[in-house]
2 protein chains.
Amino acid sequence: MDSGALRARPAATRRNARTHALEIIRQKIITLELAPGARLSENELAGQLGLSRTPIRESLILLAEEQLVFVVPQVGTLVAPILLSEIETAQFVRESLELAALSESVARATPDDIAELNAIIDAQRIADSRKTQAGFFTLDEEFHATLMGISGHGSAWRTVAQAKAHLDRARHLSLSFTGMSVLIDQHQVITDSLAAGNGDAAASAMREHLRRVFNDIAAVRQTNPELFTLDPSQ
Amino acid sequence: MDSGALRARPAATRRNARTHALEIIRQKIITLELAPGARLSENELAGQLGLSRTPIRESLILLAEEQLVFVVPQVGTLVAPILLSEIETAQFVRESLELAALSESVARATPDDIAELNAIIDAQRIADSRKTQAGFFTLDEEFHATLMGISGHGSAWRTVAQAKAHLDRARHLSLSFTGMSVLIDQHQVITDSLAAGNGDAAASAMREHLRRVFNDIAAVRQTNPELFTLDPSQ
DNA sequence: GCTGGTGTTGTTGCATGGTACAGCGCAGTG
DNA sequence: CACTGCGCTGTACCATGCAACAACACCAGC
């Protein structure tokens with residue numbers, strides 16, 4: 001049969017039309033370029049992206065699994081509303097996993113790991129000074145993903161990232177949330193506590209860090225309550 | 001049948017061919033009826049299920065997202081090998097989320113909630129006495145899902161269930177794992193501790209419970225090491 | 001005016017055909 | 001014998017056509 005023959009996944013990285021469409025549509029949903037409640041159409045998206053309906057349709061199925069859109073047969077596909085309940089669930093998942101990972105990282109972090117985290121933080125400070133918000137987003141993700149890798153559960157990042165998408169979408173409601181510098185300082189405290197082997201300090205810093213993001217979202221809710229739906233039937 | 005666990009999907013859960021195929025194929029993978037490494041074929045599956053390739057293909061894409069199969073573009077679709085690293089990640093995700101949920105449940109559990117848990121446990125004892133293993137599996141899932149619902153994060157069960165699929169697949173390697181009665185007793189300890197408001201006792205009982213399942217898997221690894229792959233390239 | 005039926009349009013679900021490519025056997029050559 | 005190139009086969013990827021159905025406009029009848 002097929003003994004080995006499993007080459008190191010060129011499949012996952014190979015850009016096919018479906019992956020291409022998925023990333024573009026997901027990004028547009030997270031950045032609110034596609035607003036909650038907006039009607040999507042397989043045909044329309046296919047035309048815009050220069051593809052046929054098939055890869056578009058497959059992308060939408062995956063996005064439905066992520067709860068970013070919902071599909072009503074014979075009616076249409078709609079961008080999911082921003083449900084407070086979804087955000088709270090996402091926050092719960094992210095916080096639980098990141099805190100658990102951090103706890104296990106204390107006994108595992110090597111000097112190289114700490115150096116890597118500090119390198120990312122340095123890059124974040126540069127991005128901050130240049131006011132490149134998009135760059136900071138990428139580096140923020142890299143920091144948290146690296147931290148999860150240090151815990152030995154790097155492949156759990158996929159799960160966190162999925163939850164994070166919902167949080168990020170809510171964050172995008174506010175154009176000016178907490179300044180980057182505050183977040184970067186928190187990254188530094190987490191890293192320093194980890195380097196010092198102080199798990200409790202690292203955990204409380206991480207919790208405060210993640211909660212701050214969540215609180216930003218709550219603040220947006222105060223100013224734009226109409227954007228948040230409590231009842232899915234609404 | 002399904003209690004509030006699947007309540008996350010409002011009304012859009014109409015049984016279509018894709019969902020039908022997805023559930024059947026996933027079940028066959030988890031129960032090892034489709035062995036790790038087995039070659040799947042859109043055409044062959046379509047023939048077996050009496051469908052066309054389209055819903056089959058969409059199912060396989062979703063299963064690939066769950067890491068239960070992997071697709072190599074012009075080669076074929078294969079059932080994912082049982083990677084120890086995947087199992088450990090799944091255990092990490094499940095344990096983190098269930099313990100975090102349990103912690104929040106202590107202050108929220110009502111007498112009705114406790115009664116509901118006890119009712120499930122009673123049903124489990126009946127299933128045990130009748131040696132209906134399949135029934136116990138369903139009730140076990142219901143117990144844990146209910147517990148997560150009590151924490152107020154019921155929709156996070158979807159995430160736990162996805163991790164659980166990998167654990168269950170590994171468990172199926174062993175036909176006779178830990179007797180049900182031990183697991184039921186642990187459910188009882190967890191429930192009683194929760195009813196008494198003793199969060200620490202509930203947490204340690206839950207940790208022991210989840211670890212026992214994980215240890216069952218480790219035992220299987222001792223007896224059937226060839227079934228576990230450590231290196232994906234192997 | 002109001003209600004019920006009907007035709008039109010738009011949508012997703014599913015079926016099917018064409019295409020590019022990986023893998024393999026095999027013949028031909030050095 | 002070793003090696004290279006060619007063609008055959010099977011696969012996933014994508015394009016496209018058809019069917020089923022929901023929503024809505026509109027009109028006939030009351």
What is the mean number of Cβ atoms from other protein chains located within 10 Å of the Cβ atom of each residue in peptide A:100-109, rounded to a whole number?
1
Nearest 10 degrees, 0 to 90: helix B:133-150 Cα axis against chain B principal axis
60
Report the residue, chosen from B:GLY154, B:GLY197, B:GLY179, that carries the largest GNM mean-square fluctuation when chain B is represented by alpha-carbon nodes joined by springs under 10 Å.
B:GLY179
At 7 angstrom along the Cα-to-beta-carbon line, where would the label on A:PRO111 sit relative to the other copies? Give the distances in nm, shortest first.
6.2
Going by average Cβ neighbours within 10 Å, how do the peptides B:26-32, A:159-165 rank, with the highest at the top?
A:159-165, B:26-32
To the nearest 10 degrees, how steep is helix B:17-30 against the longest Cα principal axis of chain B, on a 0 to 90 scale?
70
Sorted from shortest, what are the nm distances separating the label point of B:GLY47 from equivalent points in the other copies, each placed 7 Å from Cα along Cα to C-beta?
4.1
Which value, in debye to the nearest 20, describes the size of the charge dipole of the stretch B:24-75 about its Cα centre when Lys and Arg Cβ atoms bear +1, Asp and Glu Cβ atoms bear -1, and nothing else is charged?
80
With an 8 Å Cα cut-off and a minimum separation of 6 or more residues, compute the relative contact order for chain A in percent.
23
What nm distances, shortest first, do you get from the label point of A:ALA196 to those in the other copies when the point sits 7 angstrom along Cα to Cβ?
3.8
To the nearest 0.05, what FRET efficiency results for B:THR110 and A:ASN215 with a Förster distance of 22 Å applied to their C-beta separation?
0.20
Given the rule -39500 (n - 2.57) for each run of at least 4 DSSP H residues, summed and divided by the residues of chain B, what is its mean residue ellipticity at 222 nm, to the nearest 500 deg cm²/dmol?
-21500 deg cm²/dmol
Please turn the phi angles of the stretch B:55-66 into ³J(HN,Hα) values with the Karplus equation 6.51 cos²θ - 1.76 cosθ + 1.60 (θ = phi - 60°), one per residue in order, whole Hz, x for glycine and proline.
x, 4, 4, 5, 4, 5, 5, 5, 5, 5, 5, 7
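Only the coordinates and a few stated rules stand behind these numbers; no lab work does. Quantities reported herein were computed from a predicted structural model and do not represent experimental measurements. Using ideal geometry, Cβ is built from the backbone for each residue, glycine included, and neighbour counts are taken over all protein chains shown.
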